[in-house]
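Comments concern the structure below.
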Amino acid sequence: MKSFTKQLALVSVIFALILVAFISCATASKEGMVATGPTSATPAAALRTALNCLLQEHVFLAANATGAALGGRQAEFEAAAAALDGNSVDLAKANGSFYGPDAEAAFLPLWRKHIGFVVDYTVGVATKDKAKQDKAVADLVAYATEFGAFLNSASPSLPADAVAELVKGHILSLKAVIDAQAAMDQTKAFTDLRPAVAHMQMISDAHAEAIVKQFPDKFAAK
């Protein structure tokens, strides 16, 4: 029991360190800076960095929330869920900053929708309810198509089908993390978490490129 408690404490510390790093990265990008390594001061580079930070933070926070829920750590789950929703609000504001307030208002409930389906899947796994799991997966796959259509309507240069496939990749990679967490296989959970996080760059890079092309005046280098 003591060994298990120490493992949980170590996992929490690791997540805390990772989140501090990504929050610092996001803060730096908003100020036009990059935390480490070679830098570019162009508005386009800042946008790309900011979207990468926010989407990768989304995965870390989601995994922290599902891990806490499956481990029965209610207080940790509630804190992680609140932080995850804060990340959703930031993503909505980021979208609103270039697409406008109507897009921001539409983005937030749509983005929260897939988080709700992830919660449904996690509950299904925790209760060993295969029907609930299957429905949640089906809902998430359908959501990928819906989100692809949304981004395509905002940025027509983003093909809806391509966006949907990228979102499916996000769903499946996060599902792998949740399944490993449910099996109490922490090694696999963290191993699978790395590609789940890395996958988000494929979404944010494509999105950032489309935005820069759509609003060239906003991102002209000075």
Which residues, taken from the range 69-82, are in a helix (DSSP H, G or I) and surrounded by fewer than 17 Cβ atoms within 10 Å (Cβ to Cβ)?
GLN74, ALA75, GLU78, ALA79, ALA82
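Please give the helices (runs of 4 or more DSSP H) falling wholly within the range 113-222 in which 2 or more residues are of a type in the set (S, T, N, Q) and under 19 Å from LEU61 (Cα atoms).
Working: elements: 130-154, 160-182, 186-214.
Counting at least 2 such residues, we get 160-182, 186-214.
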Can you go through ALA182, ALA144, ALA206 and tell me which one is crowded, with 17+ Cβ neighbours inside 10 Å and under 25 Å from ALA68 (Cβ atoms)?
ALA182
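Taking the criterion of being of a type in the set (A, V, I, L, M), more than 30 Å from ALA183 (Cβ to Cβ) and within 18 Å of the chain's Cα centre (by Cα), would at least one residue in the range 132-151 satisfy it? So that I can check it myself, show each step before the final result.
Step one: of the range 132-151, the residues of a type in the set (A, V, I, L, M) are 136-138, 140-142, 144, 149, 151.
Add one more test, that the residue is more than 30 Å from ALA183 (Cβ to Cβ), and what stays is 149, 151.
With the extra rule that they be within 18 Å of the chain's Cα centre (by Cα), the set shrinks to 151.
Within the range 132-151 (the criterion being of a type in the set (A, V, I, L, M), more than 30 Å from ALA183 (Cβ to Cβ) and within 18 Å of the chain's Cα centre (by Cα)), the answer is yes, since at least one residue qualifies.
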Contacts under 7 angstrom Cβ, first residue in the range 40-58 being closer than 15 Å to GLY86 by Cα, partner of a type in the set (A, V, I, L, M) and not in a helix (DSSP H, G or I), 6 or more apart
none
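Laboratory data are not the source of any read-out in this text; all were calculated from the coordinates shown. Here the structure is a predicted model, which is why all the values come from computation and not from measurement. Methodologically, a virtual Cβ is constructed for each residue, glycine included, from the backbone with ideal geometry; neighbour enumeration extends over all protein chains shown.
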